[in-house]
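One structure coming up, written as structure tokens, with questions to follow.
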Amino acid sequence: MSLRLRLSLSLAALLVVGLAAFGAATYSFYAPSQLSQLDAQLRSSVEPIADRLEQQAKLEPAPSGPLPPPSVVLAPGSYAALVSPSGAVMRSDEIVFEAGGPSLSAAQLRPPAGKAERFFSTASVKAGGPTWRVLVTAASGVPGYVVVVAEPMTGLDTALHRLVLVETAAAVILLALLLAAAWLILRRGLRPLERIAHDSQAIAAGDLSHRVEADRGPTEVIELGVALNTMLAEIERSFAERVEAEAGLRRFLADVSHELRTPLTSIQGFAELLRLGPGGGAATEPALAARRIEAEAGRMKRLVDDLLLLARLDQQPQAVREEVELTVVAADACTAAAAVAPDRRISLEAPEPVVVLGDAGHLGRAVANLLTNALRHTPPRSPIEVSVTRHGGDEAMVSIRDHGGGLDPDALAHAFERFWTADRSRAGESSGLGRSIVAAIVAEHGGTVEADNAEGGGARFTIRLPLAGDQQSTAASRQTG
């Protein structure tokens, strides 16, 4: 069952209940009011009818001359009688009497106990006759006698029946009109939801770039469309990230295989030369082959160590949190780099102590990797500049700038991807994991690392880390002062 049909049926049920309650309430108020009018009519006719009946029964002396008509006479077909204490009808008014009047029992004809009058309804003497409304009251001046006045309730029943017919017909017409209007309103109101359902079918078919129309319809429909579009954007982004991650994983496995195959091939070749020995026709000396095997094994070990470090960093273990003086870390890395390349001018600018919370060994590895990258990919004797400063009131900044050829746009976009070696202008013998390790270490410490080209040429790598709590307070006080 569709939502439109369910809502229409629910509305119809509510309308039927409401109209039925309205009809019942109207009937319950109208019927007593009409009955009260009939009782008032009977009450107003009692006194003149009683006087006439008493005179005709010769219980009172008749006035001289002809008998005058009563001031109030019941409608034709009504009934009036004077009843003795024994229950016998003493006289009926011939003007208002009709044979086959109300069916009255002896108990009903008794004088009202403690009341001046008594009203009740009773059936007709004739089968199939009308229901009568009867008023029984004590005769004035004649103890023990009662006056009975009755009128058929045909008019009242007809009026009530007509009321029921009118209410039923009006309710049916009103219900039909309201249901038709509700159907049109629901159809128009639910049309945006139908569009969303149609768009959802297209999305379910695989078109994640499709979006629902979220700018038309009621506020709730607009909110639903916006929520669906937001969800679709997140799903599309997640799928894109998944595809990119799978592609990166395949590329990573291919790069790892390539990086490991090269030293393994060299080790296998030199091992065969050693097995053949001098008499095997090989011109390579055993010592040289052993050194090459050792060098290639060392290269493999460094690669495996880098991969293990990245794996540990990817798992985001609980890093050691201790105060680390970045100026000392940078100074140690610069000293190690100067020992490796004594012909380079490596300068360090650290005007003040800069303390962060973290792992000193990991932070030293990050700075050393960036320095090694600068040494490997810049011309000989070109200077390298390192600075450790505070930036703002809550950030430490380590910058490593070289004076090489800089990074092209492709290299800037993939500067911290694993095994990325497409920057031919800065090519060298590298596995491509150094900058990836830097990014992982910086992320471990809640910081960021950026790569750009400095003014005047050369590449610049900038590490940003949160300062230690005391350092933030000191920096904030200095800025306030």
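The values are calculated or read from the model by the stated rules, or taken from the named source; none is laboratory data. All figures in this text were calculated on a predicted structure; none of them were measured in a lab. Using ideal geometry, Cβ is built from the backbone for each residue, glycine included, and neighbour counts are taken over all protein chains shown. Heavy atoms of the whole protein, side chains included, go into the accessibility calculation; ligands, DNA and RNA do not. Shrake-Rupley method; radii C 1.70, N 1.55, O 1.52, S 1.80 Å.
Taking G277 as meeting all but one of (1) open to solvent by less than 70 Å² (accessible area, probe 1.4 Å); (2) at pLDDT 75 or above; (3) more than 20 Å from S436 (Cα to Cα), write down the number of the exception.
(2) is the only condition that G277 fails.
Inspect all residues belonging to region 10-20 and state whether any of them is modelled with pLDDT under 90, touching a strand residue (DSSP E or B) at 6+ places or on another chain (Cβ under 8 Å) and either aromatic (F, W, Y) or in a helix (DSSP H, G or I) (or both).
For region 10-20, residues modelled with pLDDT under 90, touching a strand residue (DSSP E or B) at 6+ places or on another chain (Cβ under 8 Å) and either aromatic (F, W, Y) or in a helix (DSSP H, G or I) (or both): absent.
Still on this structure: What tally of residues in region 135-150 results from selecting those that are touching a Leu at 6+ places or on another chain (Cβ under 9 Å), open to solvent by less than 50 Å² (accessible area, probe 1.4 Å), touching a residue at least 60 places away in the same chain (Cβ under 8 Å) and not hydroxyl-bearing (S, T, Y)?
8
Right, something else. Assess whether R251 counts as being part of a helix (DSSP H, G or I) and surrounded by fewer than 14 Cβ atoms within 10 Å (Cβ to Cβ).
no
Could you grab the pairs with beta carbons closer than 9 Å, sequence gap of 6+ or different chains, first residue in region 394-416 and on the phi > 0 side of the Ramachandran plot, second one among the hydroxyl-bearing types (S, T, Y) and at pLDDT below 85?
G406/S425
Quick one: would you say R381 is under 16 Å from G458 (Cβ atoms), open to solvent by 10 Å² or more (accessible area, probe 1.4 Å) and either basic (K, R) or in a loop (DSSP other than H, G, I, E, B) (or both)?
Judged against the criteria, R381 is a match.
Hey, can you tell me all the residues within region 336-350 that are more than 24 Å from M397 (Cβ to Cβ), aliphatic (A, V, I, L, M) and open to solvent by 40 Å² or more (accessible area, probe 1.4 Å)?
Once the filter is applied, which keeps residues that are more than 24 Å from M397 (Cβ to Cβ), aliphatic (A, V, I, L, M) and open to solvent by 40 Å² or more (accessible area, probe 1.4 Å), region 336-350 yields A339, V340.
Has region 356-372 got at least one residue that is outside any helix (DSSP H, G or I), at pLDDT below 80 and of a type outside the set (S, T, N, Q)?
There is no residue in region 356-372 that is outside any helix (DSSP H, G or I), at pLDDT below 80 and of a type outside the set (S, T, N, Q).
Pull up region 440-455, narrow it to residues that are open to solvent by less than 30 Å² (accessible area, probe 1.4 Å) and among the small types (G, A, S), then point me to the one that is nearest to the chain's Cα centre (by Cα).
G447
Here is a further query. Restricted to region 122-152, and to residues that are of a type in the set (V, I, T) and in a loop (DSSP other than H, G, I, E, B), which residue is nearest to I49 (Cα to Cα)?
V142
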